[in-house]
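Values in this text are rule-based calculations from the coordinates and carry no lab data. No experiment lies behind these values; they were computed from the predicted model shown. We place every Cβ from the backbone using ideal geometry, glycine too, and count neighbours over all the protein chains shown.
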Amino acid sequence: MRPTLRRHTSVYLREERWLGMSDSTLDGAVLADAKTLFSYERVDDSLERREIAIGFGNHSEYVARRAAELYLDGWVQKVLFTGGFGRITKGIWNVPEAEQFARIAQGLGVPERDILLDVTATNTGENIAHSRRLLAGAGMTGVRAIVVEVPFRGRRTRSALEVQWPELDFIMTSPTLSFEEFVAVYGNEGPITVEEFFSVLVGDIQRIVEYGRRGWQTPQDVPADVTAAFERLVERGFTSQMING
C-alpha cells in the first residue's frame, strides 16, 4: 500500500524499518524530492536590526556562524543559544549544543559577555520555553529577536513560536547555504551522513503536520508536491528520524 502523509504523521509502522543506504540510493529522484522538502521548510525574512539573535541548537554549526555574523555585522547586540543534547547531537558531541555554538561564536569574535546560554533544552518546545524564561530573568522581556534556524527547519520553528511564544516580535533567518551545499557538507564533513540528512527532512515534515494537529504549532498547508515527495522518500527508507506516535 502506498504510504500517505496522514498515516505517517500518526504512527511510524515499525515494519517499515530503517533500510541500509548506499550511494545508489541517492539518485536524481531522491535528490529532487529531498530538495522539495528543504525548499518548503526554508524561511528567510528581510533582515532588520533587532536586540538579540536566538540560535536554536541542532547538529549544524552553521547556525552558530550565522548568529555570530549577525552580531558582528551590527544586526543584533546580544546572542542567545539554546540547546542541550538532542536526538542527534547526543551521539556526536560531548558538550551541549548551546555551549558548542558559543565556542564557535566566541572564536569568530563575539564577546562572552554578549552571549546568553540555555544548555538544557532537548526539543523545540523546550528551546522556546527556556529562552523565554532566560530572557525574562535577564530583564529582557519584550526584546525583538532574529531567530536563527537551519533552513530545513525554519517553517516548523516559526509555527511553533507562533503558538508557544505569541508575544515575541521576531523575524527568521538561516545559514545561507543552498540545498546542494548542505548535501556537499554532509557528504564530505558530516557530522551526519547525507542519508541521515534526508531522514531529518522527512521527520520534520511529519512533525509539521502532527504537531499542528496536537496544537503545539500553527497548522501549515502542505502542498501536494511536498506530500508526494515526502511519501516517496518514506518508501525509499529515509525514516530514521520519524516519530513513532
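Annotations for the structure displayed:
- Gap separating the Cα centres of segment 22-68 and segment 194-216, nearest whole Å: 14
- Shown here for segment 89-191: GluC sites (Glu not before Pro) in loop regions (DSSP other than H, G, I, E, B) with at most 10 other Cβ atoms within 10 Å, namely Glu167, Glu189.
- Computed about its Cα centre, the charge dipole of the chain is approximately 680 debye, with only Lys, Arg, Asp and Glu carrying charge at their Cβ.
- Cα shape, segment 159-199, gyration tensor, a/c 1.5 rule: prolate
- Folded to 0 to 90 degrees: helix 62-72 orientation relative to the chain principal axis, Cα: 30
- Using alpha-carbon coordinates, inclination of helix 97-107 to the longest axis of the chain, degrees: 60
- Taking θ as phi - 60° and the Karplus parameters 6.51, -1.76 and 1.60, the scalar couplings of segment 223-228 work out to x, 4, 5, 5, 4, 5 Hz in sequence order, x denoting glycine and proline.
- Segment 102-141: trypsin sites (Lys or Arg not before Pro) in DSSP loop, at most 11 other beta carbons within 10 Å: none
- Amide hydrogen neighbours beyond the local backbone of Leu80, cut-off 5 Å, H modeled: Ala53, Ile54, Gly55, Leu116
- Fewest-first ordering of Ser178, Ser60, Ser159 by other beta carbons within 10 Å of each residue's beta carbon gives Ser178, Ser159, Ser60.
- Cα gyration tensor category, rounded, prolate or oblate, for segment 56-103 with a/c compared to 1.5: prolate
- Cα-based Kirkwood hydrodynamic radius, segment 85-186, one decimal, Å: 15.1
- Derived scalar couplings between HN and Hα for segment 178-195 equal 7, 4, 4, 5, 5, 4, 5, 4, 5, x, 10, 10, x, x, 10, 7, 4, 4 Hz in order, rounded to whole Hz, by the Karplus curve 6.51 cos²θ - 1.76 cosθ + 1.60 (θ = phi - 60°), x for Gly and Pro.
- Seen against the Cα atoms of the chain and their longest principal axis, helix 154-164 is set at about 60 degrees.
- Calculated [222 nm] ellipticity per residue, helices only, for the chain: -14000 deg cm²/dmol; basis is -39500 (n - 2.57) per DSSP H run with n ≥ 4, divided by all residues, nearest 500.
- Whole-Å distance, taken between Cα centres, linking segment 70-99 and segment 123-142: 14
- Note on segment 22-138: Kirkwood hydrodynamic radius from all Cα pairs is 15.4 Å, rounded to one decimal.
- Taking the chain and dividing mean pair separation by its residue count, relative contact order in percent (alpha carbons under 8 Å, at least six apart): 29
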